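Coordinate-derived values only; no laboratory data. Computed from a predicted model, the values in this text were never measured in an experiment. Virtual Cβ from ideal backbone geometry, glycine too; neighbours counted across all protein chains shown.
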Amino acid sequence: MSSSSSSGGLLAVAVLAAVLAGARCAPAKVTFTVEKGSDEKDLAVLVKYEGDTMAEVELRENGSNEWVDMVKTDGDVWRFESEEPLQGPFNFRFLTVKGMKNVFDDVIPAKYTIGATYTPEQY
Ligand SMILES: *[C@@H]1O[C@H](CO)[C@@H](O)[C@H](O)[C@H]1NC(C)=O
């Protein structure tokens with residue numbers, strides 16, 4: 001069952017990619033850009049992860065215990081439409097195509113700016 005050799009290979013590739021990308025700046029990072037069309041009941045977010053692609057993105061509103069699936073629309077834009085006004089700040093959880101999972105709290109503030117890119121503070 002062990003796939004240590006192949007995952008070791010993947011890790012080496014990931015490290016190399018991180019080193020190459022790191023020539024520019026910090027470690028692999030994820031960014032969330034609020035897209036046009038977002039409003040109080042609709043959130044559309046371009047999610048970028050260096051060297052990887054989102055497979056699933058979930059959203060949790062402030063004060064909610066529930067994670068809801070976002071739907072992939074254009075390119076890497078993930079969208080959630082609600083019946084009720086959305087409550088920020090918004091928390092995100094995701095799974096990438098390469099199997100990376102992560103959770104970030106308070107990524108997008110309640111009073112976000114369309115076109116602004118938000119980067120979680122720690123990961
Ligand atoms: C987030 O939700 C909590 C609990 O409902 C609330 O106390 C807090 O004020 C909210 N934060 C913002 C920024 O609205």
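Pull out the extension gain between Val68 and Glu40, defined as 0.36 nm times the separation in residues minus the alpha carbon to alpha carbon distance; nm, one decimal.
On the way: separation 28, 0.36 × 28 = 10.08 nm, distance 1.62 nm.
Answer, rounded to one decimal: 8.5 nm.
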Report the FRET efficiency, 1/(1 + (r/R0)^6), for Ile114 and Glu56, where r is their Cβ-Cβ distance and R0 is 30 Å, rounded to 0.05.
0.80
Only loop residues by DSSP count here, and only those with at most 14 other Cβ atoms within 10 Å; note down the GluC sites (Glu not before Pro) in region 47-118 that meet that.
Glu66, Glu83
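Can you compute the equivalent ellipsoid semi-axes for region 68-123, i.e. the square root of 5 times each eigenvalue of the Cα gyration tensor, sorted largest first and rounded to whole Å? Intermediate results must be reported in sequence, preceding the final value.
Values: eigenvalues 70, 49, 28 Å².
Each semi-axis is √(5λ); the values are 19, 16, 12 Å.
Looking at region 65-98, which chymotrypsin sites (Phe, Trp or Tyr not before Pro) are DSSP coil and have at most 16 other C-beta atoms within 10 Å of their C-beta? Write down the numbers at each step before the final one.
Numbers: sites: Trp67, Trp78, Phe80, Phe90, Phe92, Phe94; in loops: Trp67.
Loop-located and lightly packed - Trp67.
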Direction-averaged shadow area of the convex hull around the Cα atoms of region 37-96, nm²?
4.1
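Nearest 20 debye, what's the magnitude of the dipole of region 36-106 about its Cα centre given +1 on Lys and Arg Cβ and -1 on Asp and Glu Cβ? Let's see the in-between values first.
Values: 9 positive and 17 negative charges, 70 e Å.
So the magnitude is around 340 debye.
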Just list whichever of Lys41/Lys98; Lys41/Lys101; Lys36/Lys72 have alpha carbons separated by over 24 Å in the model shown.
Lys41/Lys98; Lys41/Lys101
